[in-house]
Amino acid sequence: MAKLSPSILSSDFSQLAAQVALIEEGGADYVHMDIMDGQFVPNITFGGPVVKSLVGKTSLPFDIHLMIERPELRIPDFATPQTEYIVVHQETCDHLDRVIHQIKEVGCKAGVALNPATPVSTLECILGEVDLVLIMSVNPGFSGQKFIPYAVLKVCELDEIRKNEDLDFKIEVDGGVSLENAAMLVESGADILVAGNAVFGAKDISERCREFKKIIE
Ligand code: DX5
Ligand code: ZN
């Protein structure tokens with residue numbers, strides 16, 4: 001049974017709490033929050049104050065995706081009482097093992113994300129330590145981009161390693177996820193699907209969440 005983590009990057013920020021209430025009503029499992037610094041990715045979004053403003057406004061757990069340089073300096077900003085995952089990019093961490101443990105020390109589950117062109121093999125040493133691997137299926141920075149098909153091969157590869165080595169990290173897919181490719185991603189091994197435009201671009205946001213859930217459960 002896979003989970004749905006709608007990305008508020010595609011939401012109407014002027015009504016953030018109300019938009020999150022709509023995904024909760026539709027049965028979403030997480031709120032995905034994309035933190036961008038204009039350095040690692042060519043876009044700036046929001047930081048800790050906006051994340052904290054949603055604490056208590058929803059009962060959904062937070063899935064925080066950090067697309068920032070030097071994430072080790074910012075981990076405590078995102079460790080709210082509702083934060084379940086903090087996900088850092090492999091490409092931004094010189095000392096990935098240290099950052100993973102920093103995340104666990106603030107009481108959250110630790111995830112690591114891979115850009116489309118970064119191979120799964122770069123995580124070989126650390127897979128036993130992480131709670132989640134996020135496979136980017138677009139180049140990070142914006143919502144509404146086209147799904148990159150070779151990302152599926154990386155999901156399959158990770159799922160295979162997970163089975164062979166008896167590991168229990170979750171696999172999350174982010175970028176260009178739609179009603180059309182959701183079932184295929186879950187069959188390939190994905191446990192959590194992030195969807196931005198496919199959820200918040202819908203006329204009826206709650207209903208779109210229900211449609212996703214029907215497909216992935
Ligand atoms: C992209 C972000 C995604 C984005 C997904 O860098 O990490 O979470 O919001 O948006 P869609 O689903 O529209 O590709
Ligand atoms: Zn994301």
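The values are calculated or read from the model by the stated rules, or taken from the named source; none is laboratory data. Note that the structure is predicted; figures quoted are calculated from it, not measured. Cβ coordinates were reconstructed from backbone atoms using ideal geometry, including for glycine residues, and neighbour counts include every protein chain displayed. Protein only, heavy atoms only, side chains kept; ligands, DNA and RNA dropped before computing areas. Shrake-Rupley method; radii C 1.70, N 1.55, O 1.52, S 1.80 Å.
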**Complete:** The alpha-carbon pair-distance distribution computed for the chain, with 5 angstrom bins and whole-percent values, is 1, 8, 17, 21, 22, 17, 10, 3, 0, 0
**Complete:** With every protein chain kept in place and a 1.4 Å probe, the residues Lys57, Lys213 fall, from largest accessible area down, as Lys57, Lys213
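Is segment 1-129 best put as rounded, prolate or oblate by its Cα gyration tensor, with a ≥ b ≥ c the root eigenvalues, rounded for a/c under 1.5, and otherwise prolate when a/b is larger than b/c, oblate when not?
Taking the square roots of the gyration eigenvalues as a ≥ b ≥ c, segment 1-129 is prolate.
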**Percent of beta bridges antiparallel (DSSP, segment 22-174, rounded to nearest 5)** = 5
**Length-normalised contact order for the chain - Cα pairs under 8 Å, 6+ apart - percent** = 24
**Request:** Would you kindly find the accessible area of Ser14, with a 1.4 Å probe and non-protein molecules such as ligands, DNA and RNA excluded, rounding to the nearest 10 Å²?
**Result:** 100
**Prompt:** Using a Gaussian network for the chain with springs between C-alpha atoms less than 10 Å apart, which of these wobbles most: Gln82, Gln19, Gln39?
**Reply:** Gln39
**Asked** Say each of Asp168 and Val50 gets a label point 7 Å from the Cα, pointing the same way as Cα to Cβ; how far apart are those two points in nm?
**Response** 3.5
**Prompt:** With every protein chain kept in the model, how would you rank Arg98, Arg210, Arg74, Arg162 by accessible area, 1.4 Å probe, largest at the top?
**Reply:** Arg98, Arg74, Arg210, Arg162
**Item:** Distance (nanometres) between label positions extended 7 Å along Cα→Cβ at Cys125 and Gln39
**Value:** 2.4
**Asked** Looking at the chain, do any whole DSSP H helices span at least 18 angstrom along their long axis by alpha carbon and average 0.0 or above on Kyte-Doolittle, and which?
**Response** none
**Item:** Residues whose placed amide H lies under 5 Å from that of Thr83, excluding near-sequence neighbours
**Value:** Phe62
**Message:** Using Stokes-Einstein with the Kirkwood hydrodynamic radius over Cα pairs, what translational diffusion coefficient do you get for segment 89-217 at 4 °C and a viscosity of 1.567 mPa s, in µm²/s rounded to a whole number?
**Reply:** 85
**Heavy-atom accessible area per residue - the chain, 1.4 Å, Å²** = 44
**Complete:** Percent antiparallel among DSSP beta bridges confined to segment 1-103, nearest 5, equals 5
**Accessible-area composition of segment 108-189, carbon plus sulfur, in percent [1.4 Å probe]** = 52
**Message:** Please give the Cα centre distance for segment 28-73 versus segment 151-165, rounded to the nearest Å.
**Reply:** 27
**Message:** Need one number: nm distance between label points at Ala21 and Asp159, each 7 Å from Cα along Cα→Cβ, rounded to one decimal.
**Reply:** 3.8
